[in-house]
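A.B. asks: Take a look at the following structure, please.
The values are calculated or read from the model by the stated rules, or taken from the named source; none is laboratory data. None of the values given here were measured: they were computed from a predicted structure. Cβ placement follows ideal geometry from the backbone for every residue including glycine, while neighbour counts extend to all protein chains displayed.
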């Protein structure tokens, strides 16, 4: 079997058939040869796509678990066959599990990392590829910095252009009114030949033109910054008024319970748009987006992805259950040497990823961060305080008065002499008392700001308000599994300029909400809450699987013991322990 793929083999693949000789030769160097044994899996349903495969010899089986937990064999791949185009170009999760169905299977594998390295060297290749239409549609969708690994955009839409026309009604009516007034003034100025009317006419025409251009541009920008995004994991409504406010409401795709569409009027029917309300479980956050074009596309994509989410959840439960049962049974009834798991025979080694560089802080930096930091990251916990503008609002006037007293007192004292008679001593006492009083007020408001914190751990979120000396304390907490939706809002110009706002956490069962007010970088905080919520859900699912495995094993092991007592099965022989080294071997080893 050849260890490298040839240019002729690459040219026979539809995706690469339009590349020239030099590009194909360079691309061939990025493929790795791999050999798999029977039952070994190339990837599983729900795994993030990371490679493109070319099957050279052997047979592969394609299996899929549906939302009801039933497994189906949907295809067999026989050599020669190429697959994984979607994974290579988009990184989208796999919709099926592929394993080896013959004694051996040999493939050439192009990982996504190697592909991106190749594209960095040959950027023109991106436009030459013969991409499938469905993959081309995925590639045309925008990429946002908040998308997670394996997450991609399915629907990205603004409101229908008919909504833009409706938004332009008022600005255009005002512009028409100004133009009519300016036209009348022009007529009177011509008839009367009055200089004052000429100046007024010029001013009115200038105002009309500035209003018309400015209002139209502002309305178009406002319309373009309001859009609905549907990914394979969530539904997002993003709305921004440029320079003034920003708001993003999102819900996990698995929380969607219904999609309601309403189209009223002849225009809605002729132009195919509707008002869409996406209802979530418990109706905690219903995402409403008016004038949605191609309204059926939104509903179809949401429920299609909802089905995929359920399929991946069922697949994950089944695979975890199988693996746990296998491992535990092996632990109880089989020696390790009998059941050593087969390994993939790779002819080339892929280098391990470089670990992320950790930020380090000096002792002084940690102390300053604990005093004034707006976001404090510790092991397994993130603590947020309100933005420093909130601290400035609370302590600004008190700090200003304290500083004024601190500098004005000595200046007045030394400006009038340096004697220490009774009036001056009284002045000093009054100065010290005032400085202490206003300084204490400054510290009080700072400590009140410092003790108002929001915490996120791996299990729950907390909203804690604590007055100095613990004179008043309030704490609200909820577990991550109770969280339904998380959104954020940056309502003013200053919120957008300094990137802070409110994070709104909706809980299940109509129990209410937690609002993290004036949090720095609320978009990142929202994503971190979602990330930890998903991680906790995975942990809980593994715990449920473990309990099911324990229950199952109790039955299996009791049955196994009964069969052993009846002589129907025999226990596996214990694996022999390694021989004890002699004294001469020990001394030879230590001298070596």
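A.B. asks: If you go through the stretch 63-120, how many residues are within 32 Å of the chain's Cα centre (by Cα) and part of a loop (DSSP other than H, G, I, E, B)?
C.D. replies: Counting residues in the stretch 63-120 that are within 32 Å of the chain's Cα centre (by Cα) and part of a loop (DSSP other than H, G, I, E, B) gives 11.
A.B. asks: Against the conditions (1) within 30 Å of residue 480 (Cα to Cα); (2) free of Cβ contacts under 8 Å to residues at least 60 places away in the same chain, where does residue 393 fall short? Just the number, please.
C.D. replies: (1)
A.B. asks: When the residues of the stretch 128-157 are filtered to those that are free of Cβ contacts under 8 Å to residues at least 24 places away in the same chain and part of a loop (DSSP other than H, G, I, E, B), which remaining residue is surrounded by the most Cβ atoms within 10 Å (Cβ to Cβ)?
C.D. replies: Filtering the stretch 128-157 for residues that are free of Cβ contacts under 8 Å to residues at least 24 places away in the same chain and part of a loop (DSSP other than H, G, I, E, B), the one surrounded by the most Cβ atoms within 10 Å (Cβ to Cβ) comes out as 141.
A.B. asks: Now for a separate question. If I filter the stretch 158-179 for residues that are assigned to a strand (DSSP E or B) and touching a strand residue (DSSP E or B) at 6+ places or on another chain (Cβ under 9 Å), do I get at least one hit? Before the answer, list the steps.
C.D. replies: Keep residues of the stretch 158-179 that are assigned to a strand (DSSP E or B), which gives 158.
Filter again for touching a strand residue (DSSP E or B) at 6+ places or on another chain (Cβ under 9 Å), leaving 158.
Checked the stretch 158-179: at least one residue is assigned to a strand (DSSP E or B) and touching a strand residue (DSSP E or B) at 6+ places or on another chain (Cβ under 9 Å).
A.B. asks: Now, a different point. Only one of 89, 110 is without any contact (Cβ under 8 Å) to a residue 60 or more places away in the chain and surrounded by 13 or more Cβ atoms within 10 Å (Cβ to Cβ); which? Show your work before the answer.
C.D. replies: Numbers: 110 fails: without any contact (Cβ under 8 Å) to a residue 60 or more places away in the chain.
Every option except 89 fails the conditions.
A.B. asks: Can you tell me how many residues within the stretch 451-467 are more than 22 Å from residue 234 (Cβ to Cβ), in a strand (DSSP E or B) and without any contact (Cβ under 8 Å) to a residue 60 or more places away in the chain?
C.D. replies: Number of matching residues: 5.
A.B. asks: Would you say residue 348 is within 29 Å of residue 549 (Cα to Cα), surrounded by 10 or more Cβ atoms within 10 Å (Cβ to Cβ) and at pLDDT below 80? Don't jump to the end; show me each part of the working.
C.D. replies: Working: within 29 Å of residue 549 (Cα to Cα): no; surrounded by 10 or more Cβ atoms within 10 Å (Cβ to Cβ): yes; at pLDDT below 80: yes.
No.
A.B. asks: How many residues does the stretch 67-81 contain that are under 27 Å from residue 231 (Cα atoms), in contact with a strand residue (DSSP E or B) (Cβ under 7 Å, 6 or more places away or on another chain) and in contact (Cβ under 8 Å) with a residue 40 or more places away in the chain?
C.D. replies: Of the residues in the stretch 67-81, 1 are under 27 Å from residue 231 (Cα atoms), in contact with a strand residue (DSSP E or B) (Cβ under 7 Å, 6 or more places away or on another chain) and in contact (Cβ under 8 Å) with a residue 40 or more places away in the chain.
A.B. asks: Sticking with this structure for a sec: Take the residues in the stretch 452-472 that are surrounded by 16 or more Cβ atoms within 10 Å (Cβ to Cβ) and touching a helix residue (DSSP H, G or I) at 6+ places or on another chain (Cβ under 9 Å), then tell me which one is farthest from residue 392 (Cα to Cα). Step through it out loud before you land on a result.
C.D. replies: The first filter runs over the stretch 452-472 and keeps only residues surrounded by 16 or more Cβ atoms within 10 Å (Cβ to Cβ), leaving 452-457, 460-463, 466.
Still in the running and touching a helix residue (DSSP H, G or I) at 6+ places or on another chain (Cβ under 9 Å): 452, 454, 456-457, 460-461, 466.
On the way: 452: 15, 454: 19, 456: 25, 457: 28, 460: 30, 461: 26, 466: 19 Å.
Taking the candidates together, the pick is 460.
A.B. asks: When you look at residue 217, is it part of a helix (DSSP H, G or I), at pLDDT below 90 and at negative phi, yes or no?
C.D. replies: For residue 217, the condition - part of a helix (DSSP H, G or I), at pLDDT below 90 and at negative phi - is not met.
A.B. asks: Do we have residue 400 as in a helix (DSSP H, G or I) and either touching a strand residue (DSSP E or B) at 6+ places or on another chain (Cβ under 7 Å) or at pLDDT 85 or above (or both) here? Break it down stepwise before answering.
C.D. replies: Numbers: in a helix (DSSP H, G or I): yes; either touching a strand residue (DSSP E or B) at 6+ places or on another chain (Cβ under 7 Å) or at pLDDT 85 or above (or both): yes.
Against the criterion (in a helix (DSSP H, G or I) and either touching a strand residue (DSSP E or B) at 6+ places or on another chain (Cβ under 7 Å) or at pLDDT 85 or above (or both)), residue 400 qualifies.
A.B. asks: Still on this model: Cβ contacts < 6 Å: first residue farther than 19 Å from residue 556 by Cβ, restricted to the stretch 305-331; second residue assigned to a helix (DSSP H, G or I), any location; separation 6+ or different chain. Result?
C.D. replies: So the pair list comes out as 305/253; 306/253; 309/253; 309/254.
A.B. asks: Looking for something under 21 Å from the mean Cα position of the chain (by Cα) and outside any helix (DSSP H, G or I) - is there at least one such residue anywhere in the stretch 528-547? Outline the logic, then answer.
C.D. replies: Residues of the stretch 528-547 under 21 Å from the mean Cα position of the chain (by Cα): 528-541.
Within this subset, residues satisfying the condition of being outside any helix (DSSP H, G or I) are none.
The answer is no, given that none of the residues of the stretch 528-547 is under 21 Å from the mean Cα position of the chain (by Cα) and outside any helix (DSSP H, G or I).
A.B. asks: In addition: For the stretch 226-267, how many residues meet the condition of being closer than 17 Å to residue 299 by Cβ, out of contact with any helix residue (DSSP H, G or I) (no Cβ under 8 Å at 6 or more places or on another chain) and surrounded by fewer than 18 Cβ atoms within 10 Å (Cβ to Cβ)?
C.D. replies: Looking only at that region, the number is 3.
A.B. asks: Of all the residues that make up the stretch 503-524, how many are more than 15 Å from residue 246 (Cα to Cα) and touching a strand residue (DSSP E or B) at 6+ places or on another chain (Cβ under 7 Å)?
C.D. replies: Start the filter on the stretch 503-524 by keeping residues that are more than 15 Å from residue 246 (Cα to Cα), which leaves 505-516.
Now narrow it down to the ones that are touching a strand residue (DSSP E or B) at 6+ places or on another chain (Cβ under 7 Å): 505-508, 513-516.
Total meeting the criteria: 8.
A.B. asks: If you don't mind, another one. Residue 383 is checked against (1) loosely packed, with under 10 Cβ neighbours inside 10 Å; (2) under 30 Å from residue 445 (Cα atoms); (3) at pLDDT 70 or above and fails just one. What number does that condition carry?
C.D. replies: The failed condition is (1).
A.B. asks: Would you say residue 519 is farther than 30 Å from residue 387 by Cβ, surrounded by 15 or more Cβ atoms within 10 Å (Cβ to Cβ) and modelled with pLDDT of 70 or more?
C.D. replies: Values: farther than 30 Å from residue 387 by Cβ: no; surrounded by 15 or more Cβ atoms within 10 Å (Cβ to Cβ): yes; modelled with pLDDT of 70 or more: yes.
So residue 519 does not fit the description; no.
A.B. asks: Is it true that some residue in the stretch 68-79 is crowded, with 19+ Cβ neighbours inside 10 Å and in contact with a helix residue (DSSP H, G or I) (Cβ under 7 Å, 6 or more places away or on another chain)?
C.D. replies: Looking through the stretch 68-79, none of the residues is crowded, with 19+ Cβ neighbours inside 10 Å and in contact with a helix residue (DSSP H, G or I) (Cβ under 7 Å, 6 or more places away or on another chain).
A.B. asks: Give the number of residues within the stretch 468-502 that are in contact (Cβ under 8 Å) with a residue 40 or more places away in the chain, within 27 Å of residue 245 (Cβ to Cβ) and within 19 Å of the chain's Cα centre (by Cα).
C.D. replies: 10
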